[in-house]
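Here's the structure, in structure tokens; my notes come after.
None of the figures in this text is laboratory data; all of them are computed from the coordinates on show. Because the structure is predicted, anything quoted here is derived from the model rather than measured. For neighbour counting, all protein chains shown are included, and Cβ atoms are generated from backbone atoms with ideal geometry for every residue, glycine included.
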Amino acid sequence: MYDLIIIGAGPAGLSAAVYGKRAGLDLVVIEQTPMSGGQVLNTYEVDNYLGLPGINGFDLGTKFREHTDKMDVTFIKEKVTAIHNNGQTKAVETASGTVYEAKSLILAAGAEHALLQVPGEQEWKGRGVSYCATCDGAFFKGRDVAVVGGGDVAVEDAVYLARMCRKVYLIHRRDSLRAAKILQEKLFACENVEILWNCTVSKIFGNDLVEGVTLCQKQEEQEKDLAVEGVFIAVGMHPCTEAFAGTVACDEKGYLVAGEDCVTDVPGIFAAGDIRTKALRQIVTAVADGACAVSSVERYLTQI
């Protein structure tokens with residue numbers, strides 16, 4: 001019986017582990033992937049994490065894990081399949097059939113970017129293919145880039161990139177945008193943004209870095225290449241909540257409902273990082289969530 005089980009070893013989970021150990025909690029981290037660090041491991045360069053400008057994403061994730069290792073945090077490599085609320089105790093089921101019990105849980109399994117699933121996407125990830133304009137946009141200052149999508153995030157990304165890039169192509173598979181009208185107005189006011197309607201990306205290509213995309217124009221049913229140095233994919237996110245959705249309340253998009261204190265609707269279960277409802281999903285906000293979640297855990301444990 002642990003004081004705390006942390007599910008997920010991205011920035012939120014690792015931060016929670018450090019703060020939990022400093023609080024003297026008997027805890028364990030359960031993570032299904034071979035390496036800790038979460039999405040940051042796939043980021044070529046991180047230029048906005050305070051105090052570490054320009055650090056390689058893999059190196060930053062490694063530093064996070066090294067910090068927890070210095071705190072003697074115990075890690076278990078398992079895939080969590082379900083959690084159960086048993087009142088003052090919580091149970092965590094894994095794919096191996098093992099059940100772990102604790103007085104409290106921090107759910108920090110993160111979220112995954114929806115993929116285009118086209119040739120070249122995985123190959124050029126972190127080398128021109130990005131899923132976060134605010135994270136990586138500065139690397140493409142003065143260059144031509146493409147944004148794929150037509151919702152709020154895609155339009156916000158295009159507007160953001162237009163401030164620093166020479167040319168921004170917004171590639172959308174329909175003939176109208178799904179984004180809020182106020183965002184569309186901002187987009188249409190950007191002189192260096194060109195919208196490519198009724199187009200889909202069929203391939204991303206390059207050499208050492210991205211050099212362009214192959215577009216398929218629906219009406220003409222023909223393909224053509226578009227030269228760009230960056231491709232920002234904004235076709236949605238998928239929170240990793242499959243194992244938790246039946247126990248903890250989710251919003252309409254599947255994110256666990258929790259505020260800045262990371263408290264969910266189930267006493268003793270907390271949500272931290274990209275998995276929870278929040279306005280900004282960045283490394284720094286995930287790390288902050290880890291600290292906030294442990295603070296809430298401490299308060300909870302004093303009450304049971």
*Beta carbons within 10 angstrom, averaged per residue: use that to sort the peptides 30-42, 153-165, highest first.*
153-165, 30-42
*Provide the FRET efficiency to the nearest 0.05 for the ALA189-THR62 pair, computing r from the beta carbons and using R0 = 41 Å.*
0.45
*Place +1 on the Cβ of every Lys and Arg and -1 on the Cβ of every Asp and Glu in the chain, take the dipole about the Cα centre, and give the residue among GLY8, MET71, TRP197 whose Cα lies farthest towards its positive end.*
MET71
*Against the longest alpha carbon principal axis of the chain, how many degrees, from 0 to 90 and to the nearest 10, is the axis of helix 283-301 turned?*
20 degrees
*Could you size up the charge dipole of the chain around its Cα centre, putting +1 on the beta carbon of Lys and Arg and -1 on that of Asp and Glu, and report it in debye to the nearest 20?*
280 debye
*DSSP loop trypsin sites (Lys or Arg not before Pro) in region 245-304 with at most 13 other Cβ atoms within 10 Å of their Cβ, which ones?*
LYS253
*Using helices alone, what [θ] at 222 nm do you get for the chain, with -39,500 (n - 2.57) per DSSP H run of 4 or more residues, divided over all residues and rounded to the nearest 500?*
-7000 deg cm²/dmol
*What fraction of the DSSP beta bridges in the chain is antiparallel, stated in percent and rounded to the nearest 5?*
50 percent
*Measure nothing but the geometry: give the 0 to 90° angle between the long axis through the Cα atoms of 11-22 and the longest principal axis through the Cα atoms of the chain, rounded to 10°.*
20 degrees
*Going toward the positive end of the dipole of the chain, with +1 on Lys and Arg Cβ and -1 on Asp and Glu Cβ, which of VAL228, ILE269, CYS216 do you reach last?*
ILE269
*Take the alpha carbon gyration tensor of the chain, find the square roots of its eigenvalues, order them as a ≥ b ≥ c, and report rounded if a/c is under 1.5; if not, report prolate when a/b exceeds b/c, else oblate.*
prolate
*What are the ³J(HN,Hα) values, in whole Hz, obtained from phi via the Karplus relation 6.51 cos²θ - 1.76 cosθ + 1.60 with θ = phi - 60°, for each residue of region 152-159 in sequence order, with x given for Gly and Pro?*
4, 5, 4, 5, 4, 5, 5, 5
*Based on the mean of other beta carbon atoms within 10 Å per residue, what is the order of 51-57, 224-230, most packed first?*
224-230, 51-57
*Estimated dipole of region 129-233 in Debye, rounded to 20 [Cβ of Lys and Arg +1, of Asp and Glu -1, Cα centre]*: 240 debye
*Enumerate cysteines in the chain without a disulfide-compatible partner, where compatibility requires another Cys Cβ under 4.7 angstrom.*
CYS165, CYS190, CYS199, CYS216, CYS240, CYS250, CYS262, CYS292
